[in-house]
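Every read-out reported here was derived from the displayed coordinates using simple, explicitly stated rules and does not represent laboratory data. No experiment lies behind these values; they were computed from the predicted model shown. We place every Cβ from the backbone using ideal geometry, glycine too, and count neighbours over all the protein chains shown.
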Amino acid sequence: MEILNSDALPSVQAPSEYFTGTVWLDQIAVATAPSGVRVVRVTFEPGARTAWHTHSFGQVLHVLAGVGRVQTAGEPVRTVKPGDTVLIKPGERHWHGAAPRFTMVHLAVQRAGEDGKDVVWSEHVTEAEYHAT
């Protein structure tokens, strides 16, 4: 067993290469092989969001606070609130973030592959895509 000291993994601002707006990442757990499970608390300021992306093994999002938006390619934008859990299938192209006037905090759980990668990033979500209802 290992106990991770919360001081060992400080908050970092998410890179603008993969996120629009201000987003903070707090690593909760980064398991080594063979598990590869990663848990991150993500805090989005109003209007902030990820770029389009996929996860080879899928992803689970659990909303802790605020109001958010999620979208899978080809589907409508959906609103999520505290207590909601979003199950994203392996390889499913999607994005997620805060609603326009609200912050949103969620836990993101995904598994890294043998190569250590847990996400494949694509282009930024456009304003039209973000505001579509």
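Search the stretch 28-87 for residues being buried (at least 19 other Cβ atoms within 10 Å of the Cβ) and hydroxyl-bearing (Ser, Thr, Tyr), and hand back the single one that is farthest from residue 118 (Cα to Cα).
43
Within the stretch 27-73, which strands (runs of 3 or more DSSP E) (wholly inside it) include 2 or more residues that are without any contact (Cβ under 8 Å) to a residue 40 or more places away in the chain, over 12 Å from residue 107 (Cβ atoms) and within 14 Å of the chain's Cα centre (by Cα)? It would help to see each step written out before you state the result.
Working: elements: 37-44, 59-66, 68-72.
Of the strands (runs of 3 or more DSSP E) lying wholly inside the stretch 27-73, those with at least 2 residues that are without any contact (Cβ under 8 Å) to a residue 40 or more places away in the chain, over 12 Å from residue 107 (Cβ atoms) and within 14 Å of the chain's Cα centre (by Cα) span 68-72.
Would you pick out the residues in the stretch 74-97 that are within 21 Å of residue 38 (Cβ to Cβ) and assigned to a strand (DSSP E or B)?
Listed by number, the residues that qualify are 80, 85, 86, 87, 88, 94, 95, 96, 97.
Is it fair to say residue 102 is out of contact with any helix residue (DSSP H, G or I) (no Cβ under 9 Å at 6 or more places or on another chain) and closer than 18 Å to residue 19 by Cα?
yes
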